[in-house]
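Asks: Pasting a structure here, questions to come.
The values are calculated or read from the model by the stated rules, or taken from the named source; none is laboratory data. Just so it is clear, the structure is predicted and the values come from calculations on it, not from any experiment. Virtual Cβ from ideal backbone geometry, glycine too; neighbours counted across all protein chains shown.
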Amino acid sequence: MTAGTGAPAHGLEIVDAGDGRMIISMGPQHPSTHGVLQVITELEGETVLRADPEIGYLHTGIEKSAENLFWTQASTVIERMDYLSPLSNACAFIMGVEQLLGITGDIPVRAQQARVLLCELHRIASHCVWLGTGGIDLGAISGFFYAFDLRERILDLTELSGGARMHPNYLRIGGLRDDLPDGFLRKLDELIAMYYPRMHDLRALLQKNPILQDRMIDVGILGADDAIAWGITGPALRATGVPYDVRRAFPYSGYEQYEFDVVTRTEGDAYARFMVRLDEMDQSMRIIEQVRRKLETPGPVMIADTKFAPPPKETIALSMEALIHHFKIVSESFRVPPGDVYQAIEGPRGELGYYIVSNGDNRPWRVRTRPPSMYNLQVLKKIAVGEYIADMVVMIGSLDPVFGEVDR
Amino acid sequence: MPSSQTPPAGATALDPTAVRPDIDDARIIRVTPAEVRATLERLKSEGFAMLLDIGGADYPGREPRFDVVYHLIVLSGAARTVAAVGRPERVRVLCGVPEADPTVPTMSDLWPAADWAEREVYDLFGLRFSGHPDLRRIQMPVEWEGHPLRKDYPLRGPARERTPRPSFALKSNVAAGTPASGRTAAALQRQIAAARGQTPKDDVK
């Protein structure tokens with residue numbers, strides 16, 4: 001068995017290739033592979049000569065499923081790609097469909113603000129998982145509980161908004177399903193109040209931890225030009241010094257109104273990626289605080305065009321027309337004019353894009369995801385070479401792949 | 001659930017991508033497999049340094065049947081400020097690929113990012129990338145047959161042999177005269193009791 005020929009997955013498997021080289025198959029059940037990643041590595045001593053990540057263990061055919069669902073249903077499966085920040089996926093897909101429909105300009109302001117709010121909350125939640133599990137990879141167990149507690153409070157807010165912890169299908173084509181419920185802003189204020197002290201604790205536990213610093217500094221170095229050639233986006237690109245952020249470069253959903261900094265570092269190592277993500281969480285909280293103030297103003301949350309907006313639930317019992325209208329939207333969705341569109345947002349892992357083709361039917365013809373973590377993970381082939389095998393978990397953690405999205 | 005594997009009769013166009021090409025702000029270039037390499041090399045030298053994505057699309061009934069879609073963006077490693085990045089230009093290159101010869105030259109030597117993306121298009125659409133150093137399946141298992149994202153590939157996969165059922169679960173083994181509904185359990189109990197040589201309890205009429 002040699003690396004690169006699709007070696008079977010049997011956990012940690014060691015083959016002595018002779019002449020001092022050794023081939024180790026790490027994963028797909030290895031606890032630090034964040035899901036189901038297999039990395040076939042060729043070693044000399046402890047040094048990695050070659051690393052070949054094998055993906056696909058979590059392939060669920062979400063693109064195919066989405067192409068066989070109505071436009072209004074497709075976002076439910078698409079939310080399940082990046083399961084650590086589900087609303088980012090839904091947001092990108094739905095905005096793409098809105099572009100195809102030509103209604104991007106008609107989305108109510110309050111719906112756009114709520115989308116920004118939820119996307120930023122989910123960015124923090126996603127980074128919490130990365131921070132907690134990334135710490136565990138390096139032996140720092142306590143940070144995990146602090147980070148997951150923070151994430152759990154964000155999931156509570158998600159549950160309040162849409163009824164489900166992780167996949168609420170709350171964002172809809174044309175706006176939101178409902179307005180944010182009573183008490184949401186109060187819970188949000190509680191989150192904002194506990195966020196900064198919690199991040200202070202987390203930074204004290206992890207960022208300033210000399211063991212973690214030793215493990216991360218100068219590990220997995222990636223230069224700016226290489227990052228661009230490998231298609232790296234998101235925090236991993238900004239850790240090389242290139243301040244490309246879709247929220248700034250192609251503002252969507254009203255991001256041009258909010259003040260935030262595009263965090264960059266220039267070292268390009270695992271510690272730089274760590275620091276970019278940490279600082280980015282604070283920037284997300286800055287945006288959330290600004291949106292919070294705007295959300296005081298009530299307003300509609302669904303487009304006025306009744307072709308896309310189902311009637312309010314309370315009218316269904318009173319009006320025959322509303323009932324028929326609701327039935328039509330639920331049972332056969334609506335038709336989207338033919339055409340193709342590429343819509344990208346800044347997901348927690350980078351540029352999350354959807355290339356959507358409509359042929360005029362009530363189902364998407366083609367839904368192609370541009371998965372940021374697949375491209376980010378691919379660069380492991382480059383940055384692992386010459387590093388110690390023990391640092392492999394550091395590098396995988398610092399790229400922050402989520403396999404629901406890598407494999408889709 | 002019914003599946004939209006073929007374009008519906010009322011669909012306005014066989015090639016939906018040709019209808020409204022100016023919907024987002026990306027420039028759209030259409031090429032043939034013979035031209036795609038030169039086009040992308042030229043774009044790369046013009047500053048489109050990042051290959052964002054390679055995707056596939058299947059339009060059965062159209063000639064050429066497949067599209068390979070390249071998304072490129074202007075980005076420089078020397079850009080160090082948000083203003084220097086600005087609003088980068090995007091371009092989308094659509095390469096029509098005929099079903100008879102589904103081969104496209106690889107871009108993996110120009111952009112290492114193309115490696116996995118091309119493997120995925122090969123895996124899910126069955127298009128070949130000539131010159132690719134390691135063209136093998138990436139998402140599906142190595143022994144898989146067929147290419148799932150093709151429109152003629154069934155949504156729930158090919159028909160497979162089902163897990164064998166125990167004999168009592170087969171319709172042919174249910175004794176004739178079994179009541180149609182609501183009494184199956186009682187009928188089974190009678191069968192079992194009869195097989196054991198016991199008198200069946202007659203608690204259910």
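Asks: Look at B:Val121 and say whether it is in contact with a strand residue (DSSP E or B) (Cβ under 7 Å, 6 or more places away or on another chain), crowded, with 20+ Cβ neighbours inside 10 Å, over 28 Å from A:Ile383 (Cα atoms) and at pLDDT 90 or above.
Replies: no
Asks: Please go through region A:229-278 and give me each residue that is at the interface with chain B (Cβ under 10 Å from one of its Cβ atoms) and among the aromatic types (Phe, Trp, Tyr), ordered by number.
Replies: Of everything in region A:229-278, those that are at the interface with chain B (Cβ under 10 Å from one of its Cβ atoms) and among the aromatic types (Phe, Trp, Tyr) turn out to be A:Trp230, A:Tyr244, A:Phe250.
Asks: Could I ask something else about it? Please indicate, with yes or no, whether at least one residue in region B:67-88 is farther than 23 Å from A:Val242 by Cα, of a type in the set (A, V, I, L, M) and either free of Cβ contacts under 8 Å to residues at least 60 places away in the same chain or buried (at least 22 other Cβ atoms within 10 Å of the Cβ) (or both).
Replies: Yes - at least one qualifying residue is present in region B:67-88.
Asks: Just need a number here: residues in region B:39-72 that are of a type in the set (A, V, I, L, M) and assigned to a loop (DSSP other than H, G, I, E, B).
Replies: Going through region B:39-72 one residue at a time, the tally reaches 1.
Asks: Of all residues in region A:192-204, which are in contact with a helix residue (DSSP H, G or I) (Cβ under 6 Å, 6 or more places away or on another chain) and buried (at least 20 other Cβ atoms within 10 Å of the Cβ)?
Replies: Residues satisfying the conditions are A:Tyr195, A:Leu202.
Asks: Here's something else I'd like to know. Can you report the number of residues in region A:280-332 which are among the acidic types (Asp, Glu), touching a residue at least 24 places away in the same chain (Cβ under 8 Å) and surrounded by fewer than 18 Cβ atoms within 10 Å (Cβ to Cβ)?
Replies: 5
Asks: Against the condition out of contact with any Cys (no Cβ under 9 Å at 6 or more places or on another chain) and in a helix (DSSP H, G or I), how does B:Asp123 come out, does it pass?
Replies: yes
Asks: Taking region A:332-368 on its own, how many of its residues are charged (D, E, K, R), facing another protein chain (nearest Cβ under 8 Å) and in a loop (DSSP other than H, G, I, E, B)?
Replies: So the answer is 2.
Asks: Can you find even one residue in region A:275-287 that is of a type in the set (Lys, Arg) and under 30 Å from A:Pro235 (Cα atoms)?
Replies: The answer is yes, given that some residue of region A:275-287 is of a type in the set (Lys, Arg) and under 30 Å from A:Pro235 (Cα atoms).
Asks: Go through region B:60-72 and count every residue that is at the interface with chain A (Cβ under 8 Å from one of its Cβ atoms) and of a type outside the set (A, V, I, L, M).
Replies: Of the residues in region B:60-72, 1 are at the interface with chain A (Cβ under 8 Å from one of its Cβ atoms) and of a type outside the set (A, V, I, L, M).
Asks: If I filter region A:213-222 for residues that are touching a Phe, Trp or Tyr at 6+ places or on another chain (Cβ under 9 Å) and closer than 30 Å to A:Ile107 by Cα, do I get at least one hit?
Replies: Checking region A:213-222: not a single residue is touching a Phe, Trp or Tyr at 6+ places or on another chain (Cβ under 9 Å) and closer than 30 Å to A:Ile107 by Cα.
Residue-wise test of (1) more than 26 Å from the chain's Cα centre (by Cα); (2) more than 14 Å from chain B (Cβ to nearest Cβ); (3) over 27 Å from A:Trp130 (Cα atoms); (4) modelled with pLDDT of 75 or more.
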{"residue": "A:Pro8", "(1), (2), (3), (4)": "yes, no, yes, no"}
{"residue": "A:Arg21", "(1), (2), (3), (4)": "yes, yes, yes, yes"}
{"residue": "A:Pro28", "(1), (2), (3), (4)": "no, no, no, yes"}
{"residue": "A:Glu44", "(1), (2), (3), (4)": "yes, yes, yes, yes"}
{"residue": "A:Tyr57", "(1), (2), (3), (4)": "no, no, no, yes"}
{"residue": "A:Ser65", "(1), (2), (3), (4)": "no, no, yes, yes"}
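Asks: Quick one: which strands (runs of 3 or more DSSP E) lie wholly within region A:14-104 and hold at least 2 residues that are surrounded by fewer than 19 Cβ atoms within 10 Å (Cβ to Cβ)?
Replies: A:21-26, A:47-54
Asks: I'm told A:Thr297 meets every condition in (1) over 21 Å from A:Gln343 (Cβ atoms); (2) at pLDDT below 90; (3) of a type outside the set (D, E, K, R); (4) touching a strand residue (DSSP E or B) at 6+ places or on another chain (Cβ under 7 Å) except one. Can you identify the failing condition by its number?
Replies: Of (1) over 21 Å from A:Gln343 (Cβ atoms); (2) at pLDDT below 90; (3) of a type outside the set (D, E, K, R); (4) touching a strand residue (DSSP E or B) at 6+ places or on another chain (Cβ under 7 Å), only one is false for A:Thr297: (4).
Asks: Return yes or no: is A:Gly386 without any contact (Cβ under 8 Å) to a residue 60 or more places away in the chain and more than 19 Å from B:Val68 (Cα to Cα)?
Replies: No.
Asks: So which residues in region B:131-146 are within 11 Å of chain A (Cβ to nearest Cβ) and not aromatic (Phe, Trp, Tyr)?
Replies: Selection gives B:Pro133, B:Asp134, B:Arg136, B:Arg137, B:Ile138, B:Gln139, B:Met140, B:Pro141, B:Val142, B:Glu143.
Asks: While we're here: Would you check which residues across region B:89-112 are at the interface with chain A (Cβ under 9 Å from one of its Cβ atoms), farther than 23 Å from B:Asp24 by Cβ and touching a residue at least 40 places away in the same chain (Cβ under 8 Å) and list them?
Replies: Answer for region B:89-112, where residues must be at the interface with chain A (Cβ under 9 Å from one of its Cβ atoms), farther than 23 Å from B:Asp24 by Cβ and touching a residue at least 40 places away in the same chain (Cβ under 8 Å): just B:Leu110.
Asks: Just the residues that are in contact (Cβ under 8 Å) with a residue 60 or more places away in the chain, in a loop (DSSP other than H, G, I, E, B) and of a type in the set (Lys, Arg), please, taken from region A:154-176.
Replies: Matches in region A:154-176: none.
Asks: Does B:Leu75 satisfy being within 9 Å of another protein chain (Cβ to nearest Cβ), of a type outside the set (Phe, Trp, Tyr) and in a loop (DSSP other than H, G, I, E, B)?
Replies: yes
Asks: If you check A:Ser284 against the conditions, is it in contact with a helix residue (DSSP H, G or I) (Cβ under 7 Å, 6 or more places away or on another chain) and in a helix (DSSP H, G or I)?
Replies: yes
Asks: Now, a different point. Inspect all residues belonging to region A:145-153 and state whether any of them is of a type in the set (Lys, Arg) and in a helix (DSSP H, G or I).
Replies: yes
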